[in-house]
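Taken together, the values in this text are just the output of simple stated rules run on the coordinates, not laboratory data. Everything numeric here is computed off the predicted structure, so don't read it as measured data. Every residue, glycine as well, gets a Cβ built from its backbone with ideal geometry; the counts of neighbours run over all protein chains shown.
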Amino acid sequence: MPRRRRLLLLLLLLGLVALALLPEAGLLLQLAYTALHQSFGLAIDLISVGLLLLLVSAFFAPLEALGWWAGWFGDELRPPSSVGALASPVGTEQPVRRWVVYLDGIGQASMQALPEGEDFLRQLDERLPADIAIVRGIMPYSVVNQPLTEGRWLGQFWRWVDRLRIRHPQALLGAVINLRNILVVAVSADQRYGPIFNQGMAQVITDSLLANGYGPGSGTPVTLLGFSGGGQISLGALPHLRRVLQAPVEVISLGGVFAGSNQILAAEHLFHLVGERDRVERLGPLAFPGRWRLQPFSYWNRARRRGKVSLISLGPVGHELPGGILDAKALLSDGRSHLRQTIDLVSAILTELKPAELRGPREPNNYLRYQANSWHRLDPNRDGGPLPSPALRPLDAWIGRLILPLASERWGGVWFEVIHTPAGWSQLQGQRLRLDWHDPLLASLAMDVHFSDEALQSVADGGVHPLRLNHWRQVTPLESLAGARPQDDQLVRLPAPVRVLPEAPGRAAAGTSEGPRLQIHDEPLQTTGTAVALVRFEAPAAPESAACPWTGVTFAASTGRFEGPRLRLRLPVPVLNSEGIAPATSRGLATAPTNSSGWYVSGVPDGTGGFVVQAMLPRSLQRFAPERVICGQRRAWDYVKRQAWHQPQAGSASAVLVTGRPLTEPEALAEWQPGDRLLVLHVFGGIGGQQREAALASGLCTGHFAYGVATLETEPLSGELGLALTYRQVYAHNPDGIIAGAQDRWRYLGDRQWGWLGTRPIADILVRFPPLTASYDVQGHERSLLRDFERQLAAMTARYRLGDGTGATFVGPANNCSQDSNQALFAAIQGLQRELRQLDQRALRDWQQQDPAQAQRLRQLLRLERELRRALLPFAGLRPDWQRPGEVLGTSLEDRPLDNLLRGLGSWRALLPRMASDTVIKVLLRHGASALVLRANQLGGDHPEIEPVAPLTLGW
Amino acid sequence: MGEVLDVIAGALRFQAAAYLSSEAIGPLSRIGLGIALLAGLSQAVGQAFILFVNQVRPLRFAISLVVEALLFLSGFLVWATSTWLVAWLVFGARVPVLVLIRALGIAHAPQLLAFLGALPYLGVPILTLLSLWTAIGFVVGVIAVTDLSVWAAFGSLVVGWWLTNALQRTAGQPVMNLGRALLDRAAGVPLINDGQRLERMLRSGQLGSGPTTLKPFDRSPRR
């Protein structure tokens, strides 16, 4: 009953204080003392002396650590040999997989652990495989690794006590060593001395690891194995070790006594092994307020909530001998000794996969559910087959599947299984080629991946994470793309230019032919389907359940009407998501208003002369043909802010051109020309209605934000001015298996199983603003801000895919889709500015004079940047990560709740997706940009079970 | 000596007589200053870890403790005088300034134990407890030597404290700077006092005076 005991303790303390304050209390105390003294004389005196000595030693306990820090002792106290040693030599044939550092309990006085500790270490070492090294011989209660028995002015005394204690384990004087070391545990737990002492211990541990062959920077995981007070020492040193080693560090505590204020969150995991009869361990939860439940935000309580702590019961086991954790004589009911049980457990923790790693999702997530739809699963044999009609055109030149290499064959790139090739390369179809992504910017983005407990928890909760990459070193952005899901099932288009490099002659001669290598300079584009057609659906002749009931009349560009060849189409019924919502439906598709202007459909041949429609996008969203033109800043803004999202109706779509300048309608339209590059701002809303999605349970719909890039170009199937649009999705890990990165509209929006077009209201705002979207000729180099921005987003999404090495990215106020997308925008603008500042000023002036129009655009861009910064980053001081990118992303809100919230508020307009979009558009319109606002609400067939919900924004 | 201990014991128990409201009794006339000075020294010892963090050498460490005690004493004198002024001008208390200074000095008796603040883990709560104890002592002390009510005594102390603070930030700034300079001079290094900077210093990656073998390497992505 720790709570009752605490209460008693408190009452006792209060009583004593009250007694001391009472008038004549002195007399009473004196009387009591005299009475006691008369009865117990010597004992009382001895106890008084003992207490006084204890007070004095407590007073001086921090001195060693403080003096070490202040440099009072020079290097005298640390002879070169004062580092730990290996329990047994490590073989050279295989690298060490894990380092274990043993920190003994408070009974330790010399470099040797207590006899039972030595026994434990010897047996544990015998049990562990050769590639796990144990470092021992560390004195955990001295920052200079100085045992009590050597090199100290009281050394003689401690040696005598140590000998006495080993001869007579029950001797009372032996407790003096324990008391001395308990005081050091208190130093480690102290908020003032702790940081110094713990750094010192981290230094001792680091020195010991290095001296025994730990590779600096190798990232090999380390386990701190702390018995009793060694638990506190381990946890105290942990954050410093983690910082210095840059490696995962976990702690196994054997009946550890530790404070709740240690930064347990920095640990990979804490395994806390406690016996039911352990009275010493109970001191921890009693004496350290951070372990009390009253402090929900203490590191201990937060770590427990986040699954960072495993409490493992040892059964009826005590703490020290006899009957303790390391007792080789005391037996359990199953016949094992206490020591044997401890060794079994510790070696299991050290050698076996952690239980969490073996867990898959508890329930099938959407990604697993959707596998049931075989028509939407990638099948290279089927998908690469001949197209059933000339009215279909290939989606792109190079299309194929990304395959993650085996860990043993990694080279930084990935395999690309060719499904479609440009003319002249058809011999490569079906082959598996090496694919490399060549961009110097990305080299610095390779990172080691070690899943955090939180990430593993998220896997169990149904998130799709790159589990295959766990414990891989220096994972490249291309590998993280290929390994993002449990299977190699991502179809991609390779962005031009694709270089085909001939294979090395040596390989061909050696008969290990692999075919040529492919090299790209931009991120592969996640897509759906290999071919595309423009059709108008005709009502199915046969029931919809039949295999191939749909007919699509293709568009004849020559006549401008739907009178081309007819296609036999399959529209597979999508699998419902985990909330029972159908991602798409074909009910009443032929009679829906969007069908009159036609649909672009993308998919694969079905192998029997038909075509599987895997994705579809309405023609009205794929072309430049605005229904309305709104000119003038105020009216344009009013449309974007209010009208565009006003009472969205399911099944409706619109395209409106707005411009911030007072132009006439023909002038506004005439500006948009083939070849124009456009900045895209994408926002989606929620799924409401009868089948309202769970995310809307709070009544608020935050939605999602993404940037993208589009190009205006003549679309060959229709001959119209069309929009080729790519999203750069900064997307946290999710149960749908959506991968952060470059996504085709076909995949992200149009896919009938994986996309959002059929279920969510969306807005794609395509901005034309030459200072931002056109390129600059800087001293012969073509520079495009939009291109830089894409690269920044590629870098940001690569970090998102790996959660900066933790395996998971979580959404919080400071890090989410809109915050981090806009952070990338700032990084791009700052990059261009930096480059211009580095230019020779005279050269810059010449450049401005030679091309005044370009110089004017640049000035406009800089003005835009200033205003965007004011709008998006009003409290720059709160967001050092935006000024100096490189901080860790998307940590969970619990990690540093207040800090995270404050950071989020530093860029508060980017907090909500739609508000971020509004803010950027407003500034752009003010600077004279024009924009095509495309809106669509749950397009496709009839879907009365759901209704569109507009995302939340704030008015100002 | 016995009388001095009696005064201290009385002050610890908030006994009015201890604050010597009547005329000074022989050798006890300067007891207030003595207690305040020792309390200052005790506090300096209790907070000595700041000197350690700033890596002050042993001899300078001892000198710094003495300088800190003296600075504490001068600060105390300014504050006690302000309190006396407020008690007189605002609350109309008629008492010689020396008597009030002596009473407030004696009220510092609990702070004689402030060196216990250096105890690991228990130090911080002990310091909090002592501050509370001392604060009550101040009120009792003022009441003992003036005829003010509890609230008036409390008011004089708070306004006096506020006045001292205002003085330190305005006219007293040069004196404060002098004090700081003196302390830095004694310590031999510019002392860092405020918590955040101390923490930064501790976490700056420099691992004490021991040989630094490993610097953390930057693993975060750069662009």
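Assorted remarks:
- Extension gain, A:Leu669-A:Asp344: 0.36 nm per intervening residue step, less the Cα-Cα distance, totals 109.4 nm.
- Taking the helices alone, chain A has a mean residue ellipticity at 222 nm of -10500 deg cm²/dmol, built from -39,500 (n - 2.57) per DSSP H run of at least 4 residues and averaged over all its residues.
- Assigned charges on the beta-carbon of Lys, Arg, Asp, Glu; segment A:600-685 dipole about Cα centre (debye): 300
- A straight Cα-to-Cα reach below 19 Å connects A:Lys922 with the aspartates and glutamates A:Asp638, A:Asp764, A:Glu865, A:Glu867, residues fewer than 8 places away in its own chain not being considered.
- Kyte-Doolittle at least 0.5, axis length at least 30 Å by Cα - qualifying DSSP helices, chain A: A:25-60
- Burial order of peptide ranges B:169-178, A:670-679 (average beta-carbon count within 10 Å, highest first): A:670-679, B:169-178
- Around the Cα centre of segment B:2-204, unit charges on the Cβ atoms of Lys, Arg, Asp and Glu (plus for the first two, minus for the last two) sum to a dipole of about 560 debye.
- Charge tally in the Cβ shell below 13 Å around A:Leu925, where Lys, Arg are +1 and Asp, Glu are -1, A:Leu925 excluded: +4
- Centre-to-centre separation between the Cα atoms of segment A:225-282 and those of segment B:80-157: 44 Å.
- Candidates A:Val683, A:Leu66, B:Ala186 compared by Cα position along the dipole of the protein assembly as shown: farthest toward the positive end lies B:Ala186, with charges placed on Cβ.
- Take each peptide in B:79-92, A:556-569, A:104-117, count the other Cβ atoms within 10 Å of every residue, and average; sorted highest first, the result is A:104-117, B:79-92, A:556-569.
- Packing rank of A:740-753, A:387-400, where each peptide gets the mean count of other beta carbons within 10 Å, highest leading: A:740-753, A:387-400
- Mean partner shielding of peptide A:653-659, defined as the number of other chain Cβ atoms within 10 Å of each residue Cβ, is 0.
- Whole-number percent relative contact order across segment B:2-204, with pairs defined as alpha carbons under 8 Å at least 6 apart: 31
- Local electrostatic count, A:Phe555, Cβ distance below 14 Å [Lys/Arg +1, Asp/Glu -1]: +2
- Shielding by other protein chains, B:117-128, mean Cβ within 10 Å: 6
- Part-to-part distance (alpha-carbon centres) for segment A:796-823 and segment A:610-636, which is given in Å: 30
- Within-9-Å neighbourhood charge of A:Ala87 [Cβ basis; K, R +1; D, E -1]: +1
- Charges were assigned to the Cβ only: +1 to each Lys and Arg, -1 to each Asp and Glu. The resulting dipole of chain A about its Cα centre is roughly 1580 debye.
- Among A:Ser821, A:Leu954, A:Pro626 - extreme Cα towards positive end, dipole of chain A, charges at beta-carbon: A:Leu954
- Directionally averaged shadow of the protein assembly as shown, computed from the convex hull of its alpha-carbon atoms, nm²: 59.3
- Look at the dipole of chain A built from charges on Cβ: of A:Leu864, A:His269, A:Met796, the Cα furthest out on the positive end belongs to A:Leu864.
- Those aspartates and glutamates that a straight Cα-Cα span of less than 16 Å connects to A:Lys308, excepting residues fewer than 8 apart in one chain: A:Glu250, A:Glu268, A:Glu357, A:Asp453, A:Glu454, A:Asp461, A:Glu894, A:Asp895
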